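Written out below as structure tokens is the structure these notes cover.
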Amino acid sequence: MLDELTTEVKASMGIYESDAEQVYGLLAEFSNPGELMHAAEATREKGYRHFDAHSPFPIHGMDRAMGLGNSKVGFFAFGGGVTGLATGYLLQWWTSAVDYPINISGKPFFAVEPSVPIMFELTILFAAFGAVAGMLALNGLPRPYNPLFYSDRFRRATDDGFFLHVAASDPQFDPETTAQDLRELGARHVELVQDDGSAEV
Amino acid sequence: MADSVDRNSILGWLVDPLSSTRASAEAAFQFTADRRAWLAPVGIGIALLAISAVGSVLDPKQFFFSYLTGWSFLLTTAVGGLFFLFFQHLTKAAWSVTTRRINEALVWAFPLLALLGIPILFGMHDLYHWTHAELYDPSSPQYDEILAGKRSYLNTPFWAIRMVLYFALWTFISYRLYTLSVRMDVEGPGEAGDGIPAQLRSTSAWGLPLSAVATAFCSYDVLMSTDPHWFSTIFGIYFFSGGILAAVSAIALFALLLQQTGGMLQGAVTAEHYQDLGKFMFGFVVFWAYIAFSQYMLYWYGGIPEEIVWYQHRLEGAWAWHSALLLVMHFIVPFLILLPRFTKRSTPILGVMAVWLIGMHWFDIHWIVRPVMSDAATFHWLDFTTWLGLTGVFGGFVMYRLRRHALVPQQDPYLADSLHFENT
């Protein structure tokens, strides 16, 4: 149960687990962004959930084609903001009224009014931290190792290659039929990537 | 300027300087509702103002304070709309083109506001303490050294001259922005370098700094000088921040009204445009709070008697409740509601928030004006009849202008971009 949950959470971050035979998944190459988007949409419609698209530049509409929904980064940013607000308040209250109270021209040791700028700044700062950390976490980054790197063709994902990766962890995955599906969608090239370092056509 | 569009009659000029170009509007951008769309609000507004006129006999002082509140509410909204329009032209904004005609209709308001401002002239003695002659007579017990020092600025003739200047400037700028855009519906944009879009931009470029100065001084003259001992250099920005918030809310509200109850602008104003208007509403909620707090914090910190007097009226005694409500309802609650994406894309929620923020802007002006009159923090029925009466007339004539022309600038070069606009 917990293992399944972990697998699903990792899959939502783009980190897929290999199957028992070390198969990581199928990597299909398409000739242009339009075909890739169409293939992603068709793959989702066929019921696959563990798949990802790789292209040298962002493709407008791809998130909708893949069925990704809205980004959840906002929740991380909001959580960071609330934390920052509370931190700003407690920090100033504790330092100026508890730990080291100094009487400055008869003003109160602590008051909300002069504390607001710091509370505001820490809200912004922590919200930014939350947004960046949330973005990295949701993308499964940083990620120095990815079995797809075993594929020589995959290098072109940063140049002129458009790839769709269907992971072996998907319940519907089958090396034969999935490869057939991808070819039918117009894949120029389909290869089986394995976690032990081999990539075969 | 080519005269492809005729002028309106002299009286009609007050509410729309151009004759109707309805016939040349594309079918998709026609105003399809009948004349009741503007006659009804104007009629209700006039009726409420007639009731207020009775109140002005019964309780003149209350009437003038209520009237100034309602009138300032509309003035700030119109000025805010003018700035929002500048921003669209100066940034060559494509997203907002389909909602720009509503903005333009909102902005041709200054001649009517000048006319509606005349009753305030009869209440100068009640509204503006600095108009009292005995303050400046050294032998009088009412002699006020501080106000005597401010007399070279705060005196009735100079005040009147300044008001004429502000309204002349705003009328001229809004005339340019309104008529050029309507003419473009008929004539087309012209050549890229010096066509109508370029003229709209250059008018906005010089209009922005001049209007900024006029807005700051107008805020001192109309609202800040009701408490003439007090001064705040940031007051003009405060005046602007509430106004532009109300203006963006009004644009969203008019778009929703036309679309949801009138079935107009279908496909032209989409969830994408509402989301962006919602972002601006959210942004100006925060901006208003930022400016309001900046003004307050400096005076709180200084703690100098002549600087805190204005806040003393509002934070001690009965008005403290209004101040607290302002913080919660003008900032915290709308901030949290407008924060997520889905609320800005939901037409019912955005409509409620637009009405709410327009109402809170009036509450803000009421909080500025009314404590000058008395320490008792109450609403008077005249507050509502003058506010809603003036707003009915004002809003009705916005509808009147919308009905006479295409609902979007139909030949704007960025219209196609705006129609296909999508948030990423």
Q) Across region A:50-89, which residue is nearest to A:Gly161 (Cα to Cα) among those that are away from chain B (no Cβ under 14 Å) and surrounded by fewer than 16 Cβ atoms within 10 Å (Cβ to Cβ)? A) A:Pro56
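One line per residue, one yes/no per condition, for (1) closer than 27 Å to B:Phe217 by Cα; (2) loosely packed, with under 14 Cβ neighbours inside 10 Å; (3) basic (Lys, Arg):
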residue: B:Leu14; (1), (2), (3): yes, no, no
residue: B:Ser20; (1), (2), (3): no, no, no
residue: B:Phe31; (1), (2), (3): no, no, no
residue: B:Ala37; (1), (2), (3): no, no, no
residue: B:Lys61; (1), (2), (3): yes, no, yes
residue: B:Gly70; (1), (2), (3): yes, no, no
residue: B:Phe73; (1), (2), (3): yes, no, no
residue: B:Ala78; (1), (2), (3): yes, no, no
residue: B:Phe86; (1), (2), (3): yes, no, no
(Q) Given the criteria touching a helix residue (DSSP H, G or I) at 6+ places or on another chain (Cβ under 9 Å), within 14 Å of chain A (Cβ to nearest Cβ) and assigned to a helix (DSSP H, G or I), does B:Tyr400 qualify? (A) no
Q. What do you reckon, is A:Glu41 farther than 19 Å from A:Ala137 by Cα, in contact with a Gly (Cβ under 7 Å, 6 or more places away or on another chain) and either within 14 Å of another protein chain (Cβ to nearest Cβ) or surrounded by fewer than 19 Cβ atoms within 10 Å (Cβ to Cβ) (or both)?
A. no
Q: Tell me, yes or no, whether region B:244-264 has at least one residue that is at pLDDT 90 or above, over 25 Å from the mean Cα position of the chain (by Cα) and not in a loop (DSSP other than H, G, I, E, B).
A: no
Q: For region B:121-145, enumerate the residues that are aliphatic (A, V, I, L, M) and surrounded by fewer than 18 Cβ atoms within 10 Å (Cβ to Cβ).
A: B:Leu121, B:Met124, B:Ala133
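Could you say which residue among A:Glu29, A:Glu21, A:Glu17 is crowded, with 17+ Cβ neighbours inside 10 Å and either assigned to a loop (DSSP other than H, G, I, E, B) or among the acidic types (Asp, Glu) (or both)?
Numbers: A:Glu21 fails: crowded, with 17+ Cβ neighbours inside 10 Å; A:Glu17 fails: crowded, with 17+ Cβ neighbours inside 10 Å.
Selected residue: A:Glu29, the only one of A:Glu29, A:Glu21, A:Glu17 that is crowded, with 17+ Cβ neighbours inside 10 Å and either assigned to a loop (DSSP other than H, G, I, E, B) or among the acidic types (Asp, Glu) (or both).
Looking at region A:83-111 only, could you name the residues that are within 39 Å of the chain's Cα centre (by Cα) and touching a residue at least 12 places away in the same chain (Cβ under 8 Å)?
A:Thr83, A:Gly84, A:Leu85, A:Thr87, A:Gly88, A:Tyr89, A:Leu91, A:Gln92, A:Trp93
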Q: Go through (1) exposed (fewer than 12 other Cβ atoms within 10 Å of the Cβ); (2) part of a helix (DSSP H, G or I) one by one and return the number of the condition A:Pro144 breaks.
A: (2)
Q.
I'm trying to understand the selection: among the residues of region A:45-73, which are touching a helix residue (DSSP H, G or I) at 6+ places or on another chain (Cβ under 7 Å) and assigned to a helix (DSSP H, G or I)?
A. A:Met62, A:Ala65, A:Val73
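Table: residues versus (1) within 29 Å of B:Phe287 (Cβ to Cβ); (2) modelled with pLDDT of 90 or more.
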{"position": "A:Val82", "(1), (2)": "yes, yes"}
{"position": "A:Ile104", "(1), (2)": "no, no"}
{"position": "A:Pro108", "(1), (2)": "yes, no"}
{"position": "A:Met135", "(1), (2)": "yes, yes"}
Q) Does region A:97-113 contain at least one residue that is surrounded by fewer than 19 Cβ atoms within 10 Å (Cβ to Cβ), within 14 Å of chain B (Cβ to nearest Cβ), touching a Phe, Trp or Tyr at 6+ places or on another chain (Cβ under 9 Å) and assigned to a helix (DSSP H, G or I)? A) yes
Q) With respect to the numbered conditions (1) among the acidic types (Asp, Glu); (2) closer than 30 Å to A:Ser31 by Cβ; (3) modelled with pLDDT of 90 or more, which one is the sole condition not fulfilled by A:Asp99? A) (2)
Q) How many residues, within region A:114-139, are under 24 Å from B:Ser294 (Cβ atoms), more than 14 Å from chain B (Cβ to nearest Cβ) and among the small types (Gly, Ala, Ser)? A) 1
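The values are calculated or read from the model by the stated rules, or taken from the named source; none is laboratory data. Bear in mind the structure is a predicted one, so any value in this text is a computation, not a measurement. Here the Cβ is made from the backbone with ideal geometry for all residues, glycine too, and neighbour counts use every protein chain on show.
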